[in-house]
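Only one structure is covered here, and it is reproduced in the block below.
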Amino acid sequence: MTEEHHEELGWWRKYIFSLDHKVIGLQYGLTALSFLLLGFMLMILMRWQLAYPGEVIPWLTFVLIFIFIGFTIIYLAGKNRPYLALNSFIFFGIAGLIWYFTTGEERLPGGIMLPEFYNQLGAMHGTIMVFLGVVPLAVGAFGNYILPLQIGAPDMAFPRLNMASYWVYFIGGVLMIISFFLPGGAAQSGWTSYSPLADINTGQTMWLIAMLFLIMSSLLGAINFIVTTVQLRAEGMTWFRLPFFVWTQLITAFLLLLAFPSLQIGAIMQLLDRIAGASFFIPAGIIQGGKVLEYAGGGNPLLWQHLFWFLAHPEVYVLILPAIGIITEVITNNSRKPLWGYPAMVYSLFIVGFLSFVVYAHHMFITGMGTAVATWFQTTTMIISIPSVVFLAVLVFTLWGGSIRFTTPMLFALAWIPMFGIGGLTGLPLGLAPPDIHLHDTYYVIGHFHYIVAPGSIIAFFAGLYYWFPKICGHKLNDTLGKIHFWGTLIGMNLVFAPMLVQGMAGMSRRLYDGGMEYDHVQPVMFLNEWMTWGSWMIGIFQIFFILNMVLTLRKKSPTEDNPWEATTLEWATSSPPLAHGNFETEPVVYRPPYEYNVPVNGHIEPYLPQHKKVEMRD
């Protein structure tokens, strides 16, 4: 699939406005990781405020830490690796943003956080982590880079659409950050942007404009993923020979394509409420500051919730399904066994994809819906948990009797199983109206959601980064540094999220900038705020080992072997890193299912049998 002569591309077309799915995947990955780091830093500021309300935030310490990491990267990169040194500006930029927060009396006067600024941090933390971090990393980065390789394609079906998808996402992210510098600051109505608060609060206009860019990016990418998977599979790559990761990306693309338009419509309507005097979500006679607002009225705030959650619950599976795909690839490779129950996993994906559209209103039990409607959504919510149990069961049965290799990606994958289990189990009470009435808007919801998104997604992404890093960069990450990173991250995450469940069951409400210190009933669990703050610091400190691991590994000159994990799927059939043009020297042909480990071949056990390897069977 390569040609003898290729047009020599200039630097801008090769690295900035590239049409190569691998470069675009790396662009998505680096940008999403940068936004995750920024979102994490906003959370650190929030957690410090909750642990020590009314006290001065040590902002200068945060600034100096990020500056130190930036200069350390420059030093380790050296003069011969300017592309590595450029990553330091991410840390300098975050340090500058923290410093900017201290310059205005409306944010951190004297280093003490105001309630309005806490609301901004909460809204932007959620928005950045979900829409600018996790989703682009799961789909834009892993999907863009790995999916064409795994199906034997030379590129994505629409390379220019792929490039446009990234740059539309990038513009949306920049607009979201710019909102911090506008009069009134960033959005402060939560990442859900509930009306009518979002219609009248400052900062929400830029949030809505940025969201429209992010939604368009996802829609462009979804179309590309669907067409690529359907049309560009290699010869012999039948549907049930697809790696499970490809299946997860395909179903995720359909979820994005069908669910995001509802939020797109809602964002346009809310934007018209704010700038054109419309009243889609504003009821008549609404009062702000003791005065009746001059709106036509007649709008319905609950309409926004329906539009938002019709997107946001499928969005949860947009976060989770690619993570399950990554974990499946890592576990099958490191257990040295074929995937037990491959068809059941695929059928479960279809069930999850369909049901994700008919469970969304379990987020709205306290809005006064009737018992018949509530019963429907309770029932579908319980049913959708069944495929999740299938995923976990198949992975455990695959491990059973395997020759398990405890590599760094495998440690992350093994930890993901109980962490995702905790996230799922803690969600069951929220899917039933009676307990949800008591737990709604408490820290229990925060703990459940973060067990799904942080350990449930980000731990899987770390597994994928360690697993595919040799494919992407030609070098394996250091195993010792990787295991240090793993243990610190896992322990830190549980220190942060487990106490949230305890606080929620004690009745502590979320979105209180002082942690609820004025309420007597939560005083026995207030001390847990300090635990969670130091747990978040622990997570941050151990990410330094990950950053150093990447920088030190990229300094190496001698590449690793093309297939260091002895894997069977097609991405390992080409060089590491893959060829710039066409991915493969010759067009691959697929002869078997994706996970043929320790299978009998001609009277002996073959340790691994790649999909593209032709074997003559003897009688």
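Values computed for the structure shown
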item	result
Subset of the range 570-588 (residues that are among the hydrophobic types (A, V, I, L, M, F, W, C), part of a loop (DSSP other than H, G, I, E, B) and open to solvent by 30 Å² or more (accessible area, probe 1.4 Å))	580
Complete set of residues in the range 91-117 that are within 24 Å of residue 172 (Cβ to Cβ) and among the aromatic types (Phe, Trp, Tyr)	91, 92, 100, 101, 117
Single residue of the range 589-616 satisfying the filter (assigned to a loop (DSSP other than H, G, I, E, B) and touching a strand residue (DSSP E or B) at 6+ places or on another chain (Cβ under 8 Å)) that is most open to solvent (accessible area, probe 1.4 Å)	614
Flag if residue 351 is part of a helix (DSSP H, G or I), touching a Gly at 6+ places or on another chain (Cβ under 9 Å) and not small (Gly, Ala, Ser)	no
Filter result for residue 312 (surrounded by fewer than 21 Cβ atoms within 10 Å (Cβ to Cβ), more than 24 Å from the chain's Cα centre (by Cα) and of a type in the set (Gly, Ala, Ser))	no
Residues of the range 520-539 satisfying the condition of being buried (at least 19 other Cβ atoms within 10 Å of the Cβ) and assigned to a helix (DSSP H, G or I)	522, 525, 528, 529, 532, 533, 535, 536, 539
Odd one out for residue 400, checked against (1) within 30 Å of residue 442 (Cα to Cα); (2) of a type outside the set (Asp, Glu); (3) touching a Lys or Arg at 6+ places or on another chain (Cβ under 9 Å)	(1)
Any hit, the range 551-569, residues being open to solvent by less than 20 Å² (accessible area, probe 1.4 Å), in a helix (DSSP H, G or I) and over 24 Å from residue 235 (Cα atoms)	yes
Flag for residue 77 being within 24 Å of the chain's Cα centre (by Cα), surrounded by 18 or more Cβ atoms within 10 Å (Cβ to Cβ) and farther than 18 Å from residue 542 by Cα	no
Close pairs (6 angstrom Cβ cut-off, 6 or more residues apart or separate chains): over 21 Å from residue 256 (Cα atoms) in the range 313-334, of a type outside the set (S, T, N, Q) and outside any helix (DSSP H, G or I) anywhere	332/339; 332/595; 333/565; 333/567; 334/405
Candidates 484, 491, 459, filtered to the one that is in contact with a Phe, Trp or Tyr (Cβ under 6 Å, 6 or more places away or on another chain), farther than 21 Å from residue 365 by Cα, modelled with pLDDT of 95 or more and open to solvent by 20 Å² or more (accessible area, probe 1.4 Å)	484
Residue that is most open to solvent (accessible area, probe 1.4 Å) [pool: residues in the range 144-162 that are within 12 Å of residue 23 (Cα to Cα) and assigned to a helix (DSSP H, G or I)]	159
In the range 412-434, the residues that are loosely packed, with under 15 Cβ neighbours inside 10 Å and either in a helix (DSSP H, G or I) or modelled with pLDDT of 95 or more (or both)	418, 425, 434
Condition check for residue 331: surrounded by 14 or more Cβ atoms within 10 Å (Cβ to Cβ) and in contact with a strand residue (DSSP E or B) (Cβ under 9 Å, 6 or more places away or on another chain)	no
Only one of 168, 174 that is surrounded by 19 or more Cβ atoms within 10 Å (Cβ to Cβ), under 16 Å from residue 213 (Cβ atoms) and out of contact with any Cys (no Cβ under 6 Å at 6 or more places or on another chain)	168
Only listed residue being of a type outside the set (Asp, Glu), closer than 30 Å to residue 292 by Cβ and in contact (Cβ under 8 Å) with a residue 60 or more places away in the chain, chosen from 193, 218	193
Set 325, 299: member being assigned to a loop (DSSP other than H, G, I, E, B) and open to solvent by less than 20 Å² (accessible area, probe 1.4 Å)	299
Those helices (runs of 4 or more DSSP H) lying entirely in the range 185-279 with at least 1 residues in contact with a Pro (Cβ under 7 Å, 6 or more places away or on another chain) and buried (at least 22 other Cβ atoms within 10 Å of the Cβ)	204-231, 244-275
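The values are calculated or read from the model by the stated rules, or taken from the named source; none is laboratory data. Computed from a predicted model, the values in this text were never measured in an experiment. Glycine gets a Cβ as well: all are built from the backbone with ideal geometry, and neighbour counts include every protein chain shown. Heavy atoms of the whole protein, side chains included, go into the accessibility calculation; ligands, DNA and RNA do not. Shrake-Rupley method; radii C 1.70, N 1.55, O 1.52, S 1.80 Å.
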